[in-house]
1. Do you know which of the residues in the stretch 171-187 that are open to solvent by 10 Å² or more (accessible area, probe 1.4 Å) and hydrophobic (A, V, I, L, M, F, W, C) is nearest to the ligand (Cβ to nearest atom)?
2. Given the options Gly69, Gly110, Gly48, Gly85, name the one that is closer than 30 Å to Arg20 by Cα, of a type outside the set (Val, Ile, Thr) and out of contact with any strand residue (DSSP E or B) (no Cβ under 6 Å at 6 or more places or on another chain).
3. Evaluate the stretch 63-74: report whether one residue or more is crowded, with 16+ Cβ neighbours inside 10 Å, farther than 30 Å from Ala403 by Cβ and in contact with a Lys or Arg (Cβ under 7 Å, 6 or more places away or on another chain).
4. Does the stretch 352-362 contain at least one residue that is within 16 Å of the ligand (Cβ to nearest atom), outside any loop (DSSP other than H, G, I, E, B), surrounded by 22 or more Cβ atoms within 10 Å (Cβ to Cβ) and modelled with pLDDT of 95 or more?
5. Go through Leu302, Leu341 for me and flag whichever is within 16 Å of the ligand (Cβ to nearest atom) and either in contact with a Cys (Cβ under 7 Å, 6 or more places away or on another chain) or part of a helix (DSSP H, G or I) (or both).
6. When the residues of the stretch 202-232 are filtered to those that are in contact with a Ser or Thr (Cβ under 6 Å, 6 or more places away or on another chain) and of a type outside the set (S, T, N, Q), which remaining residue is most open to solvent (accessible area, probe 1.4 Å)?
7. Does the stretch 190-198 include one or more residues that are part of a loop (DSSP other than H, G, I, E, B) and either surrounded by 15 or more Cβ atoms within 10 Å (Cβ to Cβ) or free of Cβ contacts under 8 Å to residues at least 24 places away in the same chain (or both)?
8. State yes or no: is Thr121 over 18 Å from Ala285 (Cα atoms), touching a strand residue (DSSP E or B) at 6+ places or on another chain (Cβ under 6 Å) and assigned by TED's automatic domain parsing to the domain that holds Met176?
Amino acid sequence: MEPYRIKVVEPIPFTTRQQRQEALKRVNYNLFDLRAEEVTIDLLTDSGTGALSAAQQAAGMAGDESYSGSRSFYRFHETVTELTGYAHILPAHQGRAAERILFSSLLEPGQISLANTHFDTTRANVELAGCEARDLPSPESRDLDSTQPFKGNIDLEVLRATLTGPDASRVAVVVMTLTNNGGGGQPVSMENLKQTAALCRQYGVPLFLDAARFAENAWLVTRHEDAYRDHTPRQVAEEAFRLADGCMMSAKKDGIVHIGGFVGVNDPELAQKCELLLIATEGFATYGGLAGRDLDMMAQGLNEVLEPSYLQERADIAGYLAKRVRAAGVDIIEPPGMHALYLNAGRLLPHIPPHNYPGHALSCQLYLEGGIRSAELGSLYLGKEDEDGNPVASAPYELVRLALPRRVYTRSHYDHIGDTLEKIAKDTHSVYGFRIVDQSPILRHFRAKLEPVPVAR
Ligand code: F0G
């Protein structure tokens with residue numbers, strides 16, 4: 001059961017099918033353009049959408065809003081230093097700010113960043129620094145149905161080959177994303193992390209963690225990696241941070257705050273560069289674009305997120321939803337992770353070709369039938385067509401992500417999601433495909449306008 005009870009509630013909006021149909025038309029079938037008050041269950045993201053605890057709210061009230069050297073900074077600094085062990089901790093307003101500060105300070109144009117999988121903003125910040133972001137996902141990750149527990153791992157063979165191959169001198173950093181959000185929210189094993197760290201040390205390349213979901217990764221390690229079964233999630237997390245040379249963190253996920261993040265580094269020269277950029281672009285080094293109350297709430301959240309009862313329930317609820325979804329006849333990326341389920345829309349809607357966006361079609365249907373907002377991760381996001389709409393490139397899989405906000409929805413909300421999917425899966429042939437009528441040159445999924453098109457049966 002949930003290891004908490006509810007003290008503050010917020011009504012969720014209910015709409016009719018007709019209202020949702022009209023809303024979809026009004027926003028040109030782009031769910032980003034809905035008003036949140038038109039959404040009943042919002043699974044767009046688990047980022048910044050968690051519920052604060054009473055202790056976090058209290059910590060926020062005790063926040064010290066001094067411009068520099070606030071008590072809040074020192075409380076935050078002590079918590080993060082204890083957790084990560086890094087010599088220099090710099091607050092930032094969210095994950096991508098931490099990425100920009102780290103990569104602008106660490107990378108020179110023409111260099112390469114290697115990762116198990118770069119998250120979109122991580123990739124964008126590597127590219128903005130004039131560098132190449134190269135993903136080296138493990139071979140098991142390609143089989144969506146495989147229940148291998150550590151499909152988030154980096155491919156160690158390709159990593160070694162790259163670190164000794166013709167591009168070796170250009171590799172400036174290795175990033176390990178915990179858990180691997182771009183790769184189905186799958187975790188990374190400590191064994192894989194240790195071997196990565198050893199290779200990085202051997203070839204003199206710094207290793208950084210993208211620690212957005214470090215606690216969920218640690219929990220899954222205690223469940224599935226034999227050598228860590230008697231460890232606490234905190235012990236695993238502390239060890240993981242210490243295997244790397246630093247980290248960037250979006251605290252909007254496993255910090256359970258609405259805004260916040262940080263950079264941690266050991267190298268004093270790199271820390272100094274980052275600090276100067278932080279002061280010039282985010283805020284002074286003891287607040288980094290955040291209020292004192294934010295720093296205090298983040299420190300409290302970083303401790304709460306490692307409580308085993310919290311992590312156990314979070315894993316259980318994801319598993320519960322996974323069971324409901326499978327029973328409805330919808331396949332997911334197996335095994336279910338903790339922050340999201342990834343629905344295999346391509347398999348559910350084989351009558352919709354990739355360039356009529358089966359993932360987007362399922363996403364719109366989830367909204368129409370159940371007022372549920374989700375995110376497409378398929379050919380609308382990753383594909384490309386020519387000017388006449390003819391396919392140029394498709395995504396490897398047509399997926400829909402149901403992200404699960406922390407401590408927000410209860411089992412009856414999850415049942416509603418299961419019921420809605422069941423209804424959709426019973427009548428997939430009534431689901432239409434889509435066509436883009438207007439799009440931006442980059443990041444098109446955020447702003448694209450679409451219209452439904454009937455597809456051949
Ligand atoms: N790294 C990972 C693995 C992420 O999932 C995110 C954000 C970021 C970095 C960037 O952090 O949003 O605080 O700037 N992921 C959100 C999501 C947006 O929905 O998965 P941010």
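1. Across the stretch 171-187, the extreme among qualifying residues is Ala172.
2. Testing whether each residue is closer than 30 Å to Arg20 by Cα, of a type outside the set (Val, Ile, Thr) and out of contact with any strand residue (DSSP E or B) (no Cβ under 6 Å at 6 or more places or on another chain) leaves just Gly48.
3. Residues of the stretch 63-74 crowded, with 16+ Cβ neighbours inside 10 Å: 63-64, 70, 72-73.
Filter once more, so that each one left must be farther than 30 Å from Ala403 by Cβ: 64, 70, 73.
From the residues that got through so far, the ones that are in contact with a Lys or Arg (Cβ under 7 Å, 6 or more places away or on another chain) too are 64.
Within the stretch 63-74 (the criterion being crowded, with 16+ Cβ neighbours inside 10 Å, farther than 30 Å from Ala403 by Cβ and in contact with a Lys or Arg (Cβ under 7 Å, 6 or more places away or on another chain)), the answer is yes, since at least one residue qualifies.
4. Here is the first cut: in the stretch 352-362, the residues within 16 Å of the ligand (Cβ to nearest atom) are 359.
Filter once more, keeping what is outside any loop (DSSP other than H, G, I, E, B): 359.
This time we only want the ones that are surrounded by 22 or more Cβ atoms within 10 Å (Cβ to Cβ), so: 359.
Next cut, modelled with pLDDT of 95 or more only: 359.
Yes, the conditions are met somewhere in the stretch 352-362.
5. Leu302
6. Kept after step one, since they are in contact with a Ser or Thr (Cβ under 6 Å, 6 or more places away or on another chain), are these residues of the stretch 202-232: 210, 212-213, 216-217, 225, 228, 231.
Among the residues that remain, those that are also of a type outside the set (S, T, N, Q) are: 210, 212-213, 216, 225, 228, 231.
Values: Asp210: 14, Ala212: 9, Arg213: 9, Glu216: 1, Glu225: 21, Tyr228: 10, His231: 56 Å².
Ranking the qualifying residues of the stretch 202-232, first place goes to His231.
7. So far as the stretch 190-198 goes, no, none of its residues is part of a loop (DSSP other than H, G, I, E, B) and either surrounded by 15 or more Cβ atoms within 10 Å (Cβ to Cβ) or free of Cβ contacts under 8 Å to residues at least 24 places away in the same chain (or both).
8. On the way: over 18 Å from Ala285 (Cα atoms): yes; touching a strand residue (DSSP E or B) at 6+ places or on another chain (Cβ under 6 Å): no; assigned by TED's automatic domain parsing to the domain that holds Met176: yes.
When the stated conditions are applied, Thr121 does not pass them.
The values are calculated or read from the model by the stated rules, or taken from the named source; none is laboratory data. Here the structure is a predicted model, which means the values were calculated and not measured. Counting neighbours? That spans all protein chains shown, and the Cβs are built from the backbone with ideal geometry, glycine included. We work out accessible area using only protein heavy atoms, side chains counted, and drop any ligands, DNA or RNA first. Shrake-Rupley method; radii C 1.70, N 1.55, O 1.52, S 1.80 Å.
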